[in-house]
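For reference, the structure discussed in these notes is given below.
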There are 6 protein chains.
Amino acid sequence: MRILVLNPNTSGSMTTEIAAAATEAAHADTEIICLAPRFGSVAIDSAAESYLAAVGMMDLVAGMTEAGDFDFDAVVVAGFGEHGRDALAEMLTVPVFDIAECSAHVAHLIGRRFSVVTTLARSIAPIEDRLLLAGLDAHCASVRACGLDTATVDADPEGAIQAIVEEAARAVTEDGADVICLGCAGMAGVVDAVTAKLGVPVVDGVAAAVGLAQAVVGLGLSTSKAGVYAPGPANPRSHWPISPALGVDR
Amino acid sequence: MRILVLNPNTSGSMTTEIAAAATEAAHADTEIICLAPRFGSVAIDSAAESYLAAVGMMDLVAGMTEAGDFDFDAVVVAGFGEHGRDALAEMLTVPVFDIAECSAHVAHLIGRRFSVVTTLARSIAPIEDRLLLAGLDAHCASVRACGLDTATVDADPEGAIQAIVEEAARAVTEDGADVICLGCAGMAGVVDAVTAKLGVPVVDGVAAAVGLAQAVVGLGLSTSKAGVYAPGPANPRSHWPISPALGVDR
Amino acid sequence: MRILVLNPNTSGSMTTEIAAAATEAAHADTEIICLAPRFGSVAIDSAAESYLAAVGMMDLVAGMTEAGDFDFDAVVVAGFGEHGRDALAEMLTVPVFDIAECSAHVAHLIGRRFSVVTTLARSIAPIEDRLLLAGLDAHCASVRACGLDTATVDADPEGAIQAIVEEAARAVTEDGADVICLGCAGMAGVVDAVTAKLGVPVVDGVAAAVGLAQAVVGLGLSTSKAGVYAPGPANPRSHWPISPALGVDR
Amino acid sequence: MRILVLNPNTSGSMTTEIAAAATEAAHADTEIICLAPRFGSVAIDSAAESYLAAVGMMDLVAGMTEAGDFDFDAVVVAGFGEHGRDALAEMLTVPVFDIAECSAHVAHLIGRRFSVVTTLARSIAPIEDRLLLAGLDAHCASVRACGLDTATVDADPEGAIQAIVEEAARAVTEDGADVICLGCAGMAGVVDAVTAKLGVPVVDGVAAAVGLAQAVVGLGLSTSKAGVYAPGPANPRSHWPISPALGVDR
Amino acid sequence: MRILVLNPNTSGSMTTEIAAAATEAAHADTEIICLAPRFGSVAIDSAAESYLAAVGMMDLVAGMTEAGDFDFDAVVVAGFGEHGRDALAEMLTVPVFDIAECSAHVAHLIGRRFSVVTTLARSIAPIEDRLLLAGLDAHCASVRACGLDTATVDADPEGAIQAIVEEAARAVTEDGADVICLGCAGMAGVVDAVTAKLGVPVVDGVAAAVGLAQAVVGLGLSTSKAGVYAPGPANPRSHWPISPALGVDR
Amino acid sequence: MRILVLNPNTSGSMTTEIAAAATEAAHADTEIICLAPRFGSVAIDSAAESYLAAVGMMDLVAGMTEAGDFDFDAVVVAGFGEHGRDALAEMLTVPVFDIAECSAHVAHLIGRRFSVVTTLARSIAPIEDRLLLAGLDAHCASVRACGLDTATVDADPEGAIQAIVEEAARAVTEDGADVICLGCAGMAGVVDAVTAKLGVPVVDGVAAAVGLAQAVVGLGLSTSKAGVYAPGPANPRSHWPISPALGVDR
């Protein structure tokens, strides 16, 4: 089985971390290929960047499809609360997995109420929106933010883990969560730290998505094409895919 | 007052029709400028095209802002159920209005239950999603589709009006709607035809958005920057805005 | 355009204040006429007083209609969370606007989550009820009370503003509101004070209702008569309108 | 135990029918007194009439209280979906029961999904509103109307029963109701007819309210005065109660 | 009238206390018979014990029915938030009342928002589940736990009452409850203590269920057999009822 | 990996069919052991039988645990909409999977709206209840019944498949489902028949649960013991486990 994991931002180090997390979660006989869009933003902290990432991932997949290079059994979109899954589900016949939704699914399977701990407070609303649209909000105890942006997390991983553990502790004691979902991708060591401190299961989105992708592919199932994920009509588009005109390559 | 009305697709005739509808709805002392993105799709019938339109409108506004050309009191996004309003609301200090939400607001003010009649069945879900996220779904009796795509509507406007009237009639008699919202932009004659046949108020989204934009600007209010619409952090982006590299101009 | 603004209580000073707020919010070519019922209560702090106000406003409008004096393009009911809008909407062919609902509509257009700050805690429930019935509760972060009754507010406006600002601050920091709606009519200076202290948009209900009334009338729309707002059957009533028997006049 | 049953309209024959239904449902040692307001409408088919009835019942109770004549253990408001219960609950220390809510409570106790069958279609929305505000809508399968107004029902009771039975049958087969609530007061013979035809339990609102009133009084409980039903402040009112000026008497 | 009150656990002292509470709440001419299952757990503090109790009560009733000993007009299940009511409602033609649901119904009738105060925190979720399934959660302000298990309550009733009063006080001041429901059966003195301290109505579940059972039986109504409570098909069962094989007797 | 699949009824042929379905869905290196309770009902078509099944599965697992025989990595409860998962989750440290919930999770991952097609109409409500409690109801388009009981299905499998296909077709065309979940366990051939006729993905519950069990175990996760699934207190129980007294053995 081959799974394409898409980092929605253009940060190479993030792509590497996500690839590592995905590979660790995958079966030995699953091949993980992790790619980033050919254009976009190095981090995603706004709706604008999220739309840009959605188009960047669409562009990447469209390019691969046109070139006959798309040879995967499933796609994982490794952005927590970000846009784009539905567009890829339309474009592709293989199933597409979103790490926010997959985290919530796994949390439902092992507990009663989950909280998400993300980075900046401004990411709370998009994550709540995604859970609401996915019909996965009823058992969400809270979405909380540790208050650190990507740069700070990179500069001080130990401090970041500490901040996440503290916020997760509040989710457990104040909001009644019995499962914590990590609302960011690719931070090594956080799962172990939170589990050790709080004694509750911790779900990493990339791992959850890889696990569920393997399960769904293993069941022989894929995206329903009988509804909203049917391919759209062939409306003429200008400059599509975009990346050739930008002079960028994988 | 100057209002920028954005047609999310690249169809010139659609831009012209939307401009006419907006101008007709506007006060005499309101100036309407209607523009389309510099790249994208000629019609929007899928999630993929909707994201592309969101980025196209972001690109247009970012280009104008960079060039010092952005001189408007409000922006209207003339796509029904499409993406992008939240990104523009982040980027701008003037208020941004979405025609699907504005239709629903006006429908609430004049009736108890509204139905939306859109073109293709595949557009129903995105419209439901937008109303749900906007917190405007409780009084929505139904979202219905007349089953015609853009090309057919263009080729046979009389037939299209007939199909919309029939679907609106079902919304009234079967779903209990007492207001009809037109889930597409810029069709001349539909409002009059539905009103005449069914005797219920009909809300045109572009007109509704222009009316509410004038009201909000008149109240001296604009987008709150205390929450999710605060500008995002200055993360580095590649190739932004995109259109200069594509060699396109307004 | 002529808008009839109804103060639901019988306080003359309140009528004056509401008239001033409405006039300030109106276009230059909109004429504002502000009236109070011919009988009722000088303040509305209970369900009983709210029903009395509804009948008082119905009585006033019925009297004007019978006398051929009703010549308005829209009606604004200037009671926050109070009864009566639906009855007037049944009785009249021009649209009727409720300040609680209009505040919520405007708040939706400029933010993501709004809080209402009202006077007494006992008014919280009726306001929540109105938002629920109007289908406008999903984005309501909270309804809060500053704890002062009308008399105290009149006696110490500076203290009242201070109390409202403090409660609004809690709405922003504790409940996540990014817009504040003032849940009382006619207090001069509050909007500026809250805006200045908290940096969030503040919506005054009377202004919001006048703005939306102008917008809806401008769109050529009015109350749907196809549903619940159709005029009721002509059941015989005793003593209707009531005020002639009371020997009161405007 | 003495229960005051209030017919919200001024129809003497309706008062007689309601009194009979209440008396039949009451224990032998419960005394039923059924009264109508001193002014108002002979039937209630609109929001305007419903508010008028609320004030009429408030006026009646206020008059009795002032005169020292109020000597009851509970009050039943015999209007289905109409206004006024909350105002009486504020004014009185004895518990007040609404027949729409009481029907729904009894329906919950004996089934899983109930439907209400009322007279005119225009009464559906107010009944839905009442159930929503009372928090009793989740198990409501539907509110349906048989389409006959009061005059027609009076003129042809057999035909009315037939129409109600047919609508109740649709509620059972199409909406999945396993209990029927009669959304009108005082029709003799309907309960037996529907039960006989459909084999489902049928709840008469007046009987349900008398039964629950006896139960709550028997438990030594009454309206909580710790919340929204606390008496309001003593705001000055003009012409209150209203009926003395109208020259009407019980 | 004869009411069978079922203590779901096997504690004899609890059965005695429940019988006393039920008898005190009953009319003089109502006979209360209180029984416990022939096998099961002495206290119910888990889902496993709750299922065991459901089967124990089913076994008891099945045995009585087979022996021709079942001669009651109604059954009360005296477990707060526990399983089994729906099974008994299927098996019997007389109505079956659950004390958690009956508490909530009575609370709705006398207030606007109720809180439940139960023993252990682990009982909160099952009570929330029951209210949700019963469609009685919308007016539930909170379910709170005083933190004491059954043994502690038995050993120190004064301390238990103190803990319950404190938690009820939080429900009133922090959650806005105006009615308190006691989420445990059979504790003498608690109702008086909470009422005295907090001045809000307190609902005891056993009393509420007896009161509502008397009301429903008095109305001549019983469980609808048209829906989910119809008797199931006669599937072969092994070892049913179970108790004969266990060598236990009432 | 070793997964214990529990057939909640006592039918040997059903156990065999479930074992076959589970084995087919499992990885080559996953060992499936399928067992039935030692007492109970041969089919589960009522709440009473569902509780009996829950206790039967608890008894089986308790017996294995006491005997030191419980050596599994996960448990699958193969009853659709039936009780017992929460009790087993309390009792065990390995994760427990319910086929109704797992079907819904998989359906969410591959479509937007799913319908469940079950056997008898009386099973609809319990399935709706389970989805509601699990927080998985928002995207459920409908739960439908084909109207055949177990015996009929056994006697005429071809006819049963035909009936299920027809009901699934209604779910797609009338309710807007784009995924079908089979609300019964162990029917060979149905998945292929529905998929072939309707062209929508079909989810078999046993396969879904096995797939998700493998995924969760593969992620190194298990039931959270920080909340409602913590083991209960050691309350004394009589006759527990039950089966030894019944003289039955595996």
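The values are calculated or read from the model by the stated rules, or taken from the named source; none is laboratory data. This structure is a prediction, so every number in the text was calculated from the model and none was measured. Glycine gets a Cβ as well: all are built from the backbone with ideal geometry, and neighbour counts include every protein chain shown.
For (1) modelled with pLDDT of 95 or more; (2) hydroxyl-bearing (Ser, Thr, Tyr), each residue gets a yes or a no:
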| residue | (1), (2) |
| --- | --- |
| E:Glu166 | yes, no |
| E:Lys197 | no, no |
| E:Val203 | yes, no |
| E:Gln214 | yes, no |
| E:Ser238 | no, yes |
Please return the ranges of helices (runs of 4 or more DSSP H) entirely within the range B:110-214 where 2 or more residues are within 13 Å of chain C (Cβ to nearest Cβ) and among the β-branched types (Val, Ile, Thr). B:157-175, B:190-198
Kindly indicate whether any position in the range E:145-165 is surrounded by 15 or more Cβ atoms within 10 Å (Cβ to Cβ), small (Gly, Ala, Ser) and within 21 Å of D:Leu109 (Cα to Cα). no
Determine which member of the set C:Ala78, C:Ala74, C:Ala100 is closer than 22 Å to B:Gln214 by Cα, away from chain B (no Cβ under 14 Å) and within 14 Å of the chain's Cα centre (by Cα). C:Ala78
Of everything in the range D:59-79, what is touching a residue at least 60 places away in the same chain (Cβ under 8 Å) and under 30 Å from C:Leu60 (Cα atoms)? Give them in sequence order. D:Asp59, D:Leu60, D:Ala62, D:Gly63, D:Glu66, D:Val77, D:Ala78, D:Gly79
So which residues in the range F:94-109 are among the hydrophobic types (A, V, I, L, M, F, W, C) and buried (at least 24 other Cβ atoms within 10 Å of the Cβ), if there are any at all? F:Val96, F:Phe97, F:Ile99, F:Ala100, F:Cys102, F:Ala104, F:Val106, F:Ala107, F:Leu109
Taking the range A:215-248, which residues are free of Cβ contacts under 8 Å to residues at least 24 places away in the same chain, within 14 Å of chain B (Cβ to nearest Cβ) and assigned to a helix (DSSP H, G or I)? A:Ala245
Taking into account only those residues within the range A:20-55 that are among the aliphatic types (A, V, I, L, M) and more than 30 Å from B:Val228 (Cα to Cα), which is farthest from the chain's Cα centre (by Cα)? A:Ala28
Tally of residues being under 17 Å from the mean Cα position of the chain (by Cα) and among the polar types (S, T, N, Q) across the range B:110-164: 5
Taking B:Asp175 and the conditions (1) under 30 Å from C:Asp204 (Cα atoms); (2) in contact (Cβ under 8 Å) with a residue 40 or more places away in the chain; (3) touching a Ser or Thr at 6+ places or on another chain (Cβ under 7 Å), which numbered condition does it fall short on, given that it satisfies the others? (1)
Looking only at the range D:40-51, count how many residues are closer than 22 Å to D:Ala89 by Cβ and in contact with a Ser or Thr (Cβ under 6 Å, 6 or more places away or on another chain). 3
Within the range B:107-127, how many residues turn out to be touching a residue at least 40 places away in the same chain (Cβ under 8 Å) and within 30 Å of A:Ala87 (Cβ to Cβ)? 12
Among the residues of the range C:9-51, count how many are free of Cβ contacts under 8 Å to residues at least 60 places away in the same chain, within 28 Å of D:Met58 (Cβ to Cβ) and in contact with a strand residue (DSSP E or B) (Cβ under 6 Å, 6 or more places away or on another chain). 4
